[in-house]
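The values are calculated or read from the model by the stated rules, or taken from the named source; none is laboratory data. Since the structure is predicted, the reported quantities are computational estimates derived from the model, not experimental observations. Here the Cβ positions follow ideal geometry from the backbone for every residue, glycine too, while neighbour counts run over all protein chains shown. Ligands, DNA and RNA are excluded from the accessible area calculation, which covers all protein heavy atoms including side chains. Shrake-Rupley method; radii C 1.70, N 1.55, O 1.52, S 1.80 Å.
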Amino acid sequence: MDAKEIKKRLLDEDNIEKVLEALQCEHIKREQRGKLVSAQLPGKFQSDNKRAVQVYAMDGVPAKIRNISGFSGDIFSLISYLEFDSPLDDLQATFRDSLLFITELMGWSASTGKNSSRKDYVAPLKALASLSRKYAERLPNDILD
């Protein structure tokens, strides 16, 4: 799976927010009628700007970090910088790692682009949690002497 296919699939399946969550960004939200996804940098950057990370939901999936002058690139550059701590002048060094980061996160096969069979071990717990929220009946605790 090449970079163009990954970008196209991210847009088609609307997964930009999922990538930002995996990068530990906070305050993720859509703006400009869904064309911009903004977020706060992960905690290790100690930034208070809730719109520091900006990823555009358009061809090429361009991204920028407003707090860091000189950072401009695409979603892969963003991953290289935030996840793999690549220096600004050598973001391409971890390009392949960024591709693998997305394909593993989404459960896509790196070669064919089809979903790999990835076991979700937490699925039964998720189902129980959703049922308990749906049918939650609050009973008072018994008063003990």
Dipole of the chain, Cα-centred, from +1 at each Lys and Arg C-beta and -1 at each Asp and Glu C-beta, to the nearest 20 debye?
480
Work out from phi, with θ = phi - 60° and the Karplus expression 6.51 cos²θ - 1.76 cosθ + 1.60, the ³J(HN,Hα) of each residue of the range 14-22, listed in order in whole Hz, and give x for Gly and Pro.
6, 10, 4, 4, 5, 5, 5, 4, 5
Residue-normalised accessible area of the range 1-85, given per residue in Å² at a 1.4 Å probe:
53
Please compute the length gained on full extension between SER109 and GLU26, using 0.36 nm multiplied by the number of residues separating them and subtracting their Cα-Cα distance.
27.1 nm
Value at 222 nm in deg cm²/dmol, rounded to 500, when DSSP H runs of n ≥ 4 in the chain each add -39,500 (n - 2.57)
-10000 deg cm²/dmol
Can you pull the percent of the chain's accessible area that's carbon plus sulfur, 1.4 Å probe, other chains left in place?
49
With every protein chain in place, the accessible area of GLU83 for a 1.4 Å probe, in Å² rounded to the nearest 10, comes to 70
Would you mind giving the average projected area, over all directions, of the Cα convex hull of the range 1-99 in nm² with one decimal?
5.8
For GLY73, distant residues with modelled amide H under 5 Å away
ALA63
